[in-house]
1. Using a simple charge model, +1 on the beta-carbon of Lys and Arg, -1 on the beta-carbon of Asp and Glu, nothing else, what dipole does the protein assembly as shown show about its Cα centre, in debye to the nearest 20?
2. Counting residues in chain B as N, plug N into 2.2 N^0.38 Å and put the Cα Rg over that result.
3. Would you tell me the mean number of C-beta atoms belonging to other protein chains that fall within 10 Å of each C-beta in B:105-114, as a whole number?
4. Once you order the gyration tensor axes a ≥ b ≥ c over the Cα atoms, which shape class does the range A:51-111 get: rounded for a/c under 1.5, otherwise prolate or oblate by comparing a/b with b/c?
5. When 1/r is averaged over all different Cα pairs and the result inverted, which Kirkwood radius in Å belongs to chain A?
6. R0 = 30 Å: FRET efficiency of B:Leu60 with A:Ser52, Cβ-based, nearest 0.05?
7. Show which lysines lie in cross-link reach of B:Lys71 when reach means a straight Cα distance below 25 angstrom and same-chain residues fewer than eight apart are skipped.
8. Once the other residues with Cβ under 15 Å from the Cβ of B:Glu83 are scored (Lys, Arg +1; Asp, Glu -1), what is the net sum?
Amino acid sequence: GQQVMQIPQYQHVQEGEDFTTYCNSSTTLSNIQWYKQRPGGHPVFLIQLVKSGEVKKQKRLTFQFGEAKKNSSLHITATQTTDVGTYFCAGRNTGGFKTIFGAGTRLFVKA
Amino acid sequence: DTGVSQDPRHKITKRGQNVTFRCDPISEHNRLYWYRQTLGQGPEFLTYFQNEAQLEKSRLLSDRFSAERPKGSFSTLEIQRTEQGDSAMYLCASSLGDTDNEKLFFGSGTQLSVL
C-alpha cells in the first residue's frame, strides 16, 4: 500500500540556522501537502503542491515537489522560536481518496 | 465558529466499553476524514466520506470500528469493546472536495484513554 516516509524524525537547531525536512512516497502522488502541528495542537495546513517540479515560497518557508511527484521537501531559512513544532507531509495517490501522512519531523529551536 | 468541532474533547473509558465520538465539519465541506494519532506519530487514516457515502476504510481498522455520516453533515465514530491499544487522539478533518484544493481542516480531536 501507499507509504509516505519523512526524515529526519527530529531536528535540533540554533535560532537563525536553516532547517530542511524531506518526504518520500512509495507511489506517485497527485498532490503533496504540508501541515504544521504545534505541541498540544492539531495539524494546520501550510501549503499544497500539485505540479511536477513545483516550488512555492511562504516568507521563510520554501516547498518543493519532485519531478517524479514522489518526493518533496520543506526548507525553513533562519529559523525562529515560533517555528517550533512537528511538520508533516501528506500525499494522495492519483485516483485515490485518502490523504496519507508521514510520521513528521519535529523541530526544536534553541534561542 | 465555522471550524471543525469534535465532541467530547476527552474520553476515559474502561476496557470493553463502547465509545462514540462526534464530528461537525465545516458546513459547506462535502469530504470528511477520520484519523487516529498516537504520540510521536503522524495522523493514521481511518476512513473517508464523500457526502454521506463512506468511500474508503483502512484495512488496518478492525470490525470494532464503525463510522457514519447519515445526512452528509456530521459524522460519528464508534469503537466497540474498547482495548487499551485504542488509546489515541482521534482527529476529524473536512475539506471542500475541490480537486485542486485538498486542504484539510482538522478539529481539535478527541483524546481517548482506555484503562
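1. For this selection, approximately 260 debye.
2. Against the compact-globule rule of thumb, the ratio is 1.01.
3. Other-chain Cβ atoms within 10 Å of each residue's Cβ, averaged: 2.
4. Cα axes put the range A:51-111 in the oblate bin.
5. 13.9 Å
6. After rounding, the FRET efficiency stands at 0.45.
7. List returned: A:Lys98, B:Lys57, B:Lys103.
8. Neighbourhood net charge equals +3.
The values are calculated or read from the model by the stated rules, or taken from the named source; none is laboratory data. On a predicted model such as this, the values are computed, not experimentally measured, just so you know. Because the Cβ atoms are built from the backbone with ideal geometry, glycine has one as well, and the counts that use them run over all protein chains shown. Only protein heavy atoms, including side chains, enter the accessible area calculation; ligands, DNA and RNA are left aside. Shrake-Rupley method; radii C 1.70, N 1.55, O 1.52, S 1.80 Å.
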